[in-house]
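Take this structure first; my questions come after.
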């Protein structure tokens with residue numbers, strides 16, 4: 001007799017998870033296009049195809065929805081990087097970093113909202129930018145700059161401030177892809193074309209990892 005209520009509860013939980021997923025996807029799209037101030041929760045609900053009160057039910061308010069959406073996309077990105085690190089653990093240091101650059105380019109192409117939202121938030125100082133930097137941008141920058149410093153010691157990466165080099169790589173990949181529509185219009189570059197993305201990754205690797213590790 002208890003199976004029917006349990007099935008009903010599971011269906012309710014699954015429906016709730018699907019609704020939250022729809023809202024997170026819609027929020028990322030809306031915030032990346034219009035910024036936080038220019039986005040309304042009614043617009044997000046409409047994009048998700050759900051009733052507006054469900055935003056309050058699942059996320060309380062727009063700010064919490066924004067933070068939940070940021071956590072969602074960055075945690076997914078970090079997990080992809082972790083899997084790639086495991087997959088390339090046996091590569092040489094240059095090979096591992098080259099693989100990370102390729103993953104970065106590919107992920108940015110599949111999830112342009114990630115860098116568009118960063119660009120939106122970087123236009124003025126706010127508590128959201130501080131939170132975004134403290135929880136996600138700074139840890140990524142610190143980890144990448146340490147690895148770049150190690151590659152500099154091995155003669156792979158050119159000399160210079162590792163943090164500047166990391167951000168140059170970031171702008172050359174994710175931020176460039178965030179400008180895909182403009183580049184399509186002004187330069188006829190289709191950053192949705194896998195061959196163009198592959199060439200972009202190759203060029204970034206060639207420019208920022210020009211040296212080779214000498215075998216002892």
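The values are calculated or read from the model by the stated rules, or taken from the named source; none is laboratory data. On a predicted model such as this, the values are computed, not experimentally measured, just so you know. Using ideal geometry, Cβ is built from the backbone for each residue, glycine included, and neighbour counts are taken over all protein chains shown.
Name the one entry in 122, 172, 149, 145 that is surrounded by fewer than 20 Cβ atoms within 10 Å (Cβ to Cβ), under 23 Å from residue 85 (Cβ atoms) and at pLDDT below 95. Steps first, please.
Details: 122 fails: under 23 Å from residue 85 (Cβ atoms); 149 fails: at pLDDT below 95; 145 fails: at pLDDT below 95.
The conditions single out 172.
Which of the residues spanning region 141-173 are outside any helix (DSSP H, G or I) and either more than 20 Å from residue 201 (Cβ to Cβ) or in contact with a helix residue (DSSP H, G or I) (Cβ under 7 Å, 6 or more places away or on another chain) (or both)?
Step one: filter region 141-173 for residues outside any helix (DSSP H, G or I), giving 154-161.
Correct list: 154, 155, 156, 157, 159, 160, 161.
Would you confirm whether or not region 46-58 contains a residue that is assigned by TED's automatic domain parsing to the domain that holds residue 146 and buried (at least 20 other Cβ atoms within 10 Å of the Cβ)? It would help to see each step written out before you state the result.
Taking region 46-58 as the starting set, the residues that turn out to be assigned by TED's automatic domain parsing to the domain that holds residue 146 are none.
No, every residue in region 46-58 fails to be assigned by TED's automatic domain parsing to the domain that holds residue 146 and buried (at least 20 other Cβ atoms within 10 Å of the Cβ).
Being free of Cβ contacts under 8 Å to residues at least 24 places away in the same chain and in contact with a helix residue (DSSP H, G or I) (Cβ under 6 Å, 6 or more places away or on another chain) is the filter here, so list the residues in region 16-32 that pass it. Even if it seems obvious, please write down each step before you answer.
Looking only at region 16-32, we keep the residues that are free of Cβ contacts under 8 Å to residues at least 24 places away in the same chain, and these are 17-18, 21, 25-26, 30.
Within region 16-32, 26, 30 meet the criteria.
Sticking with this structure for a sec: Can you find a residue that is in a loop (DSSP other than H, G, I, E, B), assigned by TED's automatic domain parsing to the domain that holds residue 107, within 20 Å of residue 116 (Cα to Cα) and touching a helix residue (DSSP H, G or I) at 6+ places or on another chain (Cβ under 7 Å) anywhere in region 176-190?
Yes, region 176-190 contains a residue that is in a loop (DSSP other than H, G, I, E, B), assigned by TED's automatic domain parsing to the domain that holds residue 107, within 20 Å of residue 116 (Cα to Cα) and touching a helix residue (DSSP H, G or I) at 6+ places or on another chain (Cβ under 7 Å).
While we're on this one: Would you point out the residue of region 41-60, among those that are in contact (Cβ under 8 Å) with a residue 12 or more places away in the chain and not in a helix (DSSP H, G or I), that is nearest to residue 111 (Cα to Cα)?
Per the criteria, the residue is 49.
Looking at region 79-94, which of its residues are surrounded by 13 or more Cβ atoms within 10 Å (Cβ to Cβ) and assigned to a helix (DSSP H, G or I)?
Taking region 79-94 first, the residues surrounded by 13 or more Cβ atoms within 10 Å (Cβ to Cβ) are 80-81, 84-85, 88, 91-94.
Selection gives 80, 81, 84, 85, 93, 94.
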